[in-house]
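Since the structure comes first, as structure tokens, the remarks are kept for the end.
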Amino acid sequence: MNKILKKLNSIGIIPVVTIDNIEKAIPLAEALVEGGIHCMEITFRTEQAEEAIKKITTKVPKMLVGAGTVLNIEQADKAIKAGAKFLISPGLNPKVVKYCIEKDYLMIPGIATPSDVEQAINLNVSIVKFFPAEAAGGINMIKSISSPYSEMKFIPTGGINNQNLNQYLSFNKVICCGGSWILNEEYIVKNQFDKITKLCREAIFTMLGFEIDHVGINAENETVAKDIAKNFSQFFNFSINENEFSIFMDKSVEIIKNVYLGKHGHIAIKTNYIERAINYIEIMGGKFDINTIKKVDGKIISIFLEDEIGGFAIQLVQK
């Protein structure tokens, strides 16, 4: 997977927009960035698409811009020249796909059937847009297609919203989801870009699903840790589960047997997708201590932020 696709995977959501008023392009892109989403797909459904891509890539450098509804070679050339980093089409046109591969353009063609997937494979395409996602069978269709074509990855688009987003993203063959539900047309027309930012954050928090997993309390030593655990058990009837490093109380409170990270201890926050959560927190200005990374089978399952909050170290854990 190349670096652009890895970036899209780490973001998880590609807002799809059709721009018919060029004056909306910059404030819209800035609203997405403010909301924590640093990518967008501008469809070639209007004459303003090329200029919008050019303006955003110039004025909003944090934004990763792609071109959507790319139906022919001319549009592909215009989009790349304007600054688009990836191209997406609703269907699979072999002529356009071959041209983009020859030009080293990142093209993601659309598919809806197994026959489409076989065409993509014959063109050496390993990532496709599944469109229209909900109308074409949704996540169950993707899972069915994935069975015989196990190497193919998907970007489902069409009918996706906060209610079904994680049904798609939780499947390991889906690298991200595209959609326009974040970009409320009324808000754009009325220049209410702060509401677009709010929709971005709602989608991100739906995707990441942050929840407090447990609170860790630092004890001076094992004896003190056992005394603390005894009090919790006596007063609240919490069950005790002791290991070499700590004592867990009903899985919600952890008593550390020595001074660990954090002035007072740590707060563990679980998330649906830890690598996407890391990307989002870093985008919002947070930093992680790479020395605290824990992995299982090569995948991150736990990491701590560099800075404490309220005297507590913050641990991010995979659900």
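For the reader, a short list of remarks on this structure follows.
- The residues of the range 155-182 that are part of a loop (DSSP other than H, G, I, E, B) and out of contact with any strand residue (DSSP E or B) (no Cβ under 6 Å at 6 or more places or on another chain), listed by number, are 158, 159, 161, 162, 163, 164, 170, 171, 172, 181.
Residue-by-condition table, conditions (1) outside the structural domain of residue 18 (by TED's automatic domain parsing); (2) loosely packed, with under 15 Cβ neighbours inside 10 Å; (3) touching a Cys at 6+ places or on another chain (Cβ under 9 Å); (4) of a type in the set (S, T, N, Q):
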| residue | (1), (2), (3), (4) |
| --- | --- |
| 36 | no, no, yes, no |
| 44 | no, no, no, no |
| 84 | no, no, no, no |
| 94 | no, yes, no, no |
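- For the range 95-102, the count of residues that are more than 19 Å from residue 39 (Cα to Cα) and either touching a residue at least 60 places away in the same chain (Cβ under 8 Å) or polar (S, T, N, Q) (or both) is zero.
- Count of residues meeting criterion [under 22 Å from residue 274 (Cβ atoms) and either surrounded by fewer than 22 Cβ atoms within 10 Å (Cβ to Cβ) or of a type in the set (Phe, Trp, Tyr) (or both)] in the range 146-168: 8
- Any hit, the range 222-232, residues being in contact with a Lys or Arg (Cβ under 7 Å, 6 or more places away or on another chain) and either closer than 30 Å to residue 169 by Cα or of a type outside the set (Phe, Trp, Tyr) (or both): yes
- Meets criteria (part of a helix (DSSP H, G or I) and either within 23 Å of residue 34 (Cβ to Cβ) or not aromatic (Phe, Trp, Tyr) (or both)) for residue 84: no
- Entry remark, the range 26-77: residues being part of a helix (DSSP H, G or I), more than 24 Å from residue 102 (Cβ to Cβ) and among the hydrophobic types (A, V, I, L, M, F, W, C) number 8 in total.
- The residue list 67, 76, 82 contains one member that is within 23 Å of the chain's Cα centre (by Cα) and under 25 Å from residue 28 (Cβ atoms), which is 67.
- Only one of the numbered conditions (1) within 14 Å of the chain's Cα centre (by Cα); (2) farther than 17 Å from residue 15 by Cβ; (3) in a loop (DSSP other than H, G, I, E, B) is violated by residue 150, and that is (1).
- Residue within the range 89-99 that is polar (S, T, N, Q) and more than 17 Å from residue 8 (Cβ to Cβ) present: yes
- Residues (surrounded by 19 or more Cβ atoms within 10 Å (Cβ to Cβ) and either assigned to a strand (DSSP E or B) or β-branched (Val, Ile, Thr) (or both)) located in the range 121-143: 125, 127, 128, 129, 130, 139, 142
Every residue, every condition in (1) touching a Lys or Arg at 6+ places or on another chain (Cβ under 7 Å); (2) more than 26 Å from residue 95 (Cβ to Cβ); (3) in contact (Cβ under 8 Å) with a residue 60 or more places away in the chain, yes or no:
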position: 117; (1), (2), (3): no, no, no
position: 123; (1), (2), (3): yes, no, no
position: 136; (1), (2), (3): no, no, no
position: 158; (1), (2), (3): no, no, no
position: 164; (1), (2), (3): no, yes, no
position: 174; (1), (2), (3): no, yes, no
position: 179; (1), (2), (3): no, yes, yes
position: 183; (1), (2), (3): no, yes, yes
position: 187; (1), (2), (3): yes, yes, no
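- Cβ pairs under 6 Å, 6+ apart, first in the range 31-48 and touching a residue at least 40 places away in the same chain (Cβ under 8 Å), second surrounded by fewer than 19 Cβ atoms within 10 Å (Cβ to Cβ) and of a type in the set (Phe, Trp, Tyr): none
- Condition check for residue 213: surrounded by 17 or more Cβ atoms within 10 Å (Cβ to Cβ) and acidic (Asp, Glu): yes
The values are calculated or read from the model by the stated rules, or taken from the named source; none is laboratory data. Because the structure is a prediction, the values reported are computed rather than measured. A quick note on method: Cβ atoms are made from the backbone with ideal geometry, for glycine too, and the neighbour counts reach across all protein chains shown.
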